[in-house]
Amino acid sequence: AQIKTWLGAAAGSPRGSLGYALAESGEPVQTILIPAGCDLTLTNLDLLSSVKVVVQNGGKLTLRDSVVQGVVEVEQGGTFSMNYDSTSSKFLTGAAINGQLRLKSGAVLENAAVSSDSSRDAKNTQPVVAVLGNATVKGYVFLKGDQAQTGTTYAGRTGLLVSGSTLTLSQGALLA
């Protein structure tokens with residue numbers, strides 16, 4: 001819970017990596033827990049498809065210049081942010097979720113610019129963000145899926161799927 005920043009590599013260097021690539025679209029087999037009291041920022045790191053990050057109640061995860069090939073699962077009371085600098089209150093670019101962000105009941109998605117860059121992987125048609133319970137948006141959240149590539153059979157990916165669940169926008173929140 002005391003770790004604040006996980007730097008995969010120095011700025012300007014190739015990203016560091018964690019985990020390994022799974023064959024096809026298997027579920028991750030390695031888990032990183034972000035516990036209560038932990039406010040962790042992952043910077044310049046590739047989380048490969050074997051890795052699942054679980055943000056627990058009272059934990060917060062922020063992605064900067066990092067790519068998730070696996071899964072980020074936010075549990076009740078956990079918070080997720082991406083491509084946002086809270087110090088300067090500015091949105092950034094550089095992080096992507098090519099796997100999936102899963103919001104369970106009680107999860108919070110706050111100040112995030114969530115995008116995917118998995119258009120080269122025709123097998124990945126899951127939505128970038130899946131709401132699996134009653135989750136909440138705080139601040140400004142921007143979601144972008146993948147478009148199908150011209151001349152391919154790839155269907156693309158939607159940015160958000162809310163099915164049998166509820167996504168509540170807090171007062172003053174924006175979802176685009």
Pull up region 140-168, narrow it to residues that are at pLDDT 95 or above and more than 20 Å from S105 (Cβ to Cβ), then point me to the one that is most open to solvent (accessible area, probe 1.4 Å).
-> Y140
Mind checking which residues of region 80-107 are open to solvent by 10 Å² or more (accessible area, probe 1.4 Å) and within 15 Å of T5 (Cα to Cα)?
-> Y84, D85, S86, T87
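Looking at the structure I just gave you, is S81 in contact with a Ser or Thr (Cβ under 9 Å, 6 or more places away or on another chain), within 23 Å of A23 (Cβ to Cβ) and of a type in the set (S, T, Y)?
Values: in contact with a Ser or Thr (Cβ under 9 Å, 6 or more places away or on another chain): yes; within 23 Å of A23 (Cβ to Cβ): no; of a type in the set (S, T, Y): yes.
In short, no.
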Check Q171 against each of (1) surrounded by 11 or more Cβ atoms within 10 Å (Cβ to Cβ); (2) of a type in the set (S, T, N, Q); (3) at pLDDT 95 or above and name the one condition it does not meet.
-> (1)
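When region 55-70 is examined, which residues are found to be under 11 Å from L33 (Cα atoms) and open to solvent by 10 Å² or more (accessible area, probe 1.4 Å)? Please lay out each step first, then the result.
First, the residues of region 55-70 that are under 11 Å from L33 (Cα atoms): 55-57, 59-61.
Residues satisfying the conditions are Q56, N57, K60.
Among the listed residues E73, E110, which satisfies the condition of being in a strand (DSSP E or B) and open to solvent by 30 Å² or more (accessible area, probe 1.4 Å)?
Details: E73 fails: open to solvent by 30 Å² or more (accessible area, probe 1.4 Å).
Answer to the selection: E110.
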Qualifying residues in region 1-38 (those that are open to solvent by 60 Å² or more (accessible area, probe 1.4 Å) and under 15 Å from the mean Cα position of the chain (by Cα)) - the one nearest to Q100 (Cα to Cα) | T31
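The values are calculated or read from the model by the stated rules, or taken from the named source; none is laboratory data. Computed from a predicted structure; not experimentally measured. Every residue, glycine among them, receives a Cβ derived from its backbone with ideal geometry; neighbour counts consider all protein chains shown. These accessible areas exclude ligands, DNA and RNA; they are computed on the full protein's heavy atoms, side chains included. Shrake-Rupley method; radii C 1.70, N 1.55, O 1.52, S 1.80 Å.
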